[in-house]
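Down below is the structure, laid out as structure tokens.
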Amino acid sequence: MKNLIVGHNAWWKGEEDYHLAKWKGMKLRWVPKWIESIPLEPFSLNFIIGARQVGKTTGLKLLINKLLEKVDAERIFYFNCDFSPDAYSLRKVVDGYLEFRKSFGHGSSFIFLDEVTGVKGWWRVVKGYVDLGTFKDDVLTVTGSSSLKLRGDVELFPGRRGMGREITVRPLSFREFLEVHGMKVKITGDMHRDMKKAALHEEEIKPVFERYLEKGGFPLSINDDPRAAEDFIRAFEGEILRAGRSVSLTREIFSSIFKKAPSPLSYTTISEDTSGYSYKTVAEYLELLKNLLVLDLAIFKEGKKIFHRKEKKIFFTDPFIAWVLSSWSGQDFLRSALYEWVVQAHLLGKFGEVFYCRNSYEIDCVADGLKIEVKAGKPHRKYPKSVEVWDEDTLPLFLAVI
């Protein structure tokens, strides 16, 4: 146990961390902005949620590296909970660290428990220590890739989070993708004005947009790592199995979505493409996939009224995710669907929710007063002035400033 704990904390021995060394070796690297949002004053219990491979661990290690500039190494503890088979094992790890820091005379720490949702009953361990006051002078940060489990467990900590926050880590947006490639687009908040300024750099932005549509916002994919797709699928299948779900049915559901996108779909329509599963089962799987942050749903909205029972527009939260899962399920998708998904994902990241509406015409994306129709080519009909219509030429400029 001691060797396992020490092995996770290279800085205790004055050695370089594995993930930091790997990050430094990347051609395209960045310090994620979300680490600046983590409260670092005790007592704080923070929850960091994000899909596997999105860069949560690297972000934590970069934060730790920054903390080491002013904090004794022994006061910083990191542990990857994939190494803990159960809650008892996790408790032993935490107890081991608490004894270790006590030997140095430290009474407060920065504790990072990474991918904790793989440990059944992990919250009992953390909640027990919090209730005992063990962490009253600490900053405890917990990460997980399954927001379904993690957010469910967050509710078990009422009044026990201090100054802590819940932070969702998403793949890079297109604007962030541009910054990583050395192109910083200044924005004022006036969308049309910002798009006109971005248009001055249209020749530089468009090729980067094509690369973004292929690579998405995941660190390994952006850096052309040949293991990116395989690592993502392996981790994704693990999440499905840990949730007690069928990998083969998940494939069938994705195949149906890709085949019919970007049309609105009902659970029944998808269930008809599966091997005899009910619409209720499909609904349960889509909820899981949503909570795993690989896809989301745009609900039908008419005026201020939201119709949860109507057909939904299902979209993927990142181009890389779409390409990998398309290959995994054996079903291609339309380029027009990819355009629409990218817009929906960006609006979701910015506003927290996205809808669609339909009357005499269909509007693909509705969010925070914005009404957007996305076209793969030039639009063949006129839309009301309140509707923004983005095509292959204007879409990159819109995404660069949103």
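The values are calculated or read from the model by the stated rules, or taken from the named source; none is laboratory data. Fair warning: this is a prediction, and the values are worked out from it, not measured in the lab. Methodologically, a virtual Cβ is constructed for each residue, glycine included, from the backbone with ideal geometry; neighbour enumeration extends over all protein chains shown.
One residue is enough: does region 299-312 have a residue meeting the conditions within 23 Å of Gly144 (Cβ to Cβ), within 21 Å of the chain's Cα centre (by Cα), crowded, with 18+ Cβ neighbours inside 10 Å and not charged (D, E, K, R)?
Checked region 299-312: no residue is within 23 Å of Gly144 (Cβ to Cβ), within 21 Å of the chain's Cα centre (by Cα), crowded, with 18+ Cβ neighbours inside 10 Å and not charged (D, E, K, R).
Restricting to region 77-120, give me the number of residues that are touching a helix residue (DSSP H, G or I) at 6+ places or on another chain (Cβ under 7 Å), free of Cβ contacts under 8 Å to residues at least 40 places away in the same chain and part of a helix (DSSP H, G or I).
Going through region 77-120 one residue at a time, the tally reaches 8.
So, in region 1-48, of the ones that are assigned to a loop (DSSP other than H, G, I, E, B) and among the aliphatic types (A, V, I, L, M), which residue ends up nearest to Thr143 (Cα to Cα)?
Across region 1-48, the extreme among qualifying residues is Ile38.
For region 239-251, which residues satisfy the criterion of being part of a helix (DSSP H, G or I) and either hydroxyl-bearing (Ser, Thr, Tyr) or free of Cβ contacts under 8 Å to residues at least 60 places away in the same chain (or both)?
Within region 239-251, Ile240, Leu241, Val247, Ser248, Leu249, Thr250 meet the criteria.
Does Ser255 fit the bill of being part of a helix (DSSP H, G or I) and in contact (Cβ under 8 Å) with a residue 60 or more places away in the chain? Don't jump to the end; show me each part of the working.
Details: part of a helix (DSSP H, G or I): yes; in contact (Cβ under 8 Å) with a residue 60 or more places away in the chain: yes.
So Ser255 passes the test.
Would you mind telling me which numbered condition in (1) more than 30 Å from Asp318 (Cβ to Cβ); (2) within 20 Å of the chain's Cα centre (by Cα) Gly162 fails?
(2)
Among all residue pairs at least 6 apart or on different chains, which show Cβ distances below 8 Å where the first residue, located in region 213-226, is under 12 Å from Leu178 (Cα atoms) and the second is of a type in the set (Ser, Thr, Tyr) and assigned to a loop (DSSP other than H, G, I, E, B)?
Gly217/Ser173
Filter region 121-137 down to the residues that are part of a loop (DSSP other than H, G, I, E, B) and touching a helix residue (DSSP H, G or I) at 6+ places or on another chain (Cβ under 9 Å), then identify the one that is modelled with the lowest pLDDT.
Ranking the candidates gives Gly121 first.
Within region 31-54, identify whether any single residue is crowded, with 19+ Cβ neighbours inside 10 Å and farther than 20 Å from Val169 by Cβ, and answer yes or no.
Within region 31-54 (the criterion being crowded, with 19+ Cβ neighbours inside 10 Å and farther than 20 Å from Val169 by Cβ), the answer is yes, since at least one residue qualifies.
For the condition farther than 18 Å from Val94 by Cα, in the same structural domain as Val139 (by TED's automatic domain parsing) and crowded, with 18+ Cβ neighbours inside 10 Å, what is the one hit in Leu62, Leu20?
Leu62
Do we have any residue at all in region 226-247 that's assigned by TED's automatic domain parsing to the domain that holds Asp296, more than 19 Å from Leu338 (Cα to Cα) and of a type in the set (Ser, Thr, Tyr)?
Yes.
Of the residues Glu230, Glu214, Glu237, only one is surrounded by fewer than 15 Cβ atoms within 10 Å (Cβ to Cβ), within 22 Å of Trp23 (Cα to Cα) and touching a helix residue (DSSP H, G or I) at 6+ places or on another chain (Cβ under 8 Å); which?
The conditions single out Glu214.
Across region 314-335, what is the total count of residues that are under 16 Å from Val354 (Cα atoms) and either touching a Leu at 6+ places or on another chain (Cβ under 7 Å) or of a type in the set (Gly, Ala, Ser) (or both)?
Qualifying residue count for the region: 4.
In region 317-361, which residues are charged (D, E, K, R) and assigned to a strand (DSSP E or B)?
The answer is Arg358, and nothing else.
Being of a type outside the set (S, T, N, Q) and part of a helix (DSSP H, G or I) narrows it down to one of Lys301, Lys290, Lys310, so name that one. Reasoning before the result, please.
Numbers: Lys301 fails: part of a helix (DSSP H, G or I); Lys310 fails: part of a helix (DSSP H, G or I).
Testing whether each residue is of a type outside the set (S, T, N, Q) and part of a helix (DSSP H, G or I) leaves just Lys290.
Can you tell me which residue among Leu68, Leu40, Leu98, Leu28 is more than 27 Å from Glu179 (Cβ to Cβ) and over 19 Å from the mean Cα position of the chain (by Cα)? If you could, list the steps in order and put the result at the bottom.
Details: Leu68 fails: more than 27 Å from Glu179 (Cβ to Cβ); Leu40 fails: more than 27 Å from Glu179 (Cβ to Cβ); Leu28 fails: more than 27 Å from Glu179 (Cβ to Cβ).
Only one candidate passes the filter, namely Leu98.
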